[in-house]
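Peer 1: Take a look at this one; I'll ask things after.
The values are calculated or read from the model by the stated rules, or taken from the named source; none is laboratory data. Note that the coordinates shown come from a computational prediction; the quantities given were computed from them, not determined experimentally. Note: ideal-geometry Cβ built from the backbone for every residue, glycine included; neighbour counts use all protein chains shown.
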Amino acid sequence: MKKFCNVLRSKRTLGWRSAFIMPELPEEMNTFHKQQSLQKQISMLRKLREELNMHRDTIRNTATNEEDDSKTQQELLRNIQKDDEM
């Protein structure tokens, strides 16, 4: 009954025309907080992957026709590919 009164009070005070009651919210919030460190890790890895891709693009854009430079660039690109796969 208390939850219902809170909804009525909110409707009156804030002028709500409708309300959505979600009983799963506390459980969802607990899961969110438990997974927060994992989400930060995923975000960090995505940023790292983006940096690798930008570095790869830079290497490709600065490619030269000299054989020694070309071999070095190919080796760098292979290493970046390995890092990306990891």
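Peer 1: Quick check on my filter: what residues within region 36-65 are surrounded by 10 or more Cβ atoms within 10 Å (Cβ to Cβ), of a type outside the set (D, E, K, R) and either in contact with a Leu (Cβ under 9 Å, 6 or more places away or on another chain) or not in a helix (DSSP H, G or I) (or both)?
Peer 2: Listed by number, the residues that qualify are HIS55, ILE59, ALA63, THR64.
Peer 1: Could you run through region 28-67 and say how many residues are of a type in the set (Lys, Arg) and at pLDDT below 90?
Peer 2: Within region 28-67, the first condition is being of a type in the set (Lys, Arg), and the residues that meet it are 34, 40, 46-47, 49, 56, 60.
From what is left, the residues that are at pLDDT below 90 are 49, 56, 60.
Qualifying residue count for the region: 3.
Peer 1: Exactly one condition in (1) at pLDDT 90 or above; (2) aliphatic (A, V, I, L, M); (3) surrounded by 10 or more Cβ atoms within 10 Å (Cβ to Cβ) is not met by ILE80; state its number.
Peer 2: Looking at each condition in turn, ILE80 falls short on (1).
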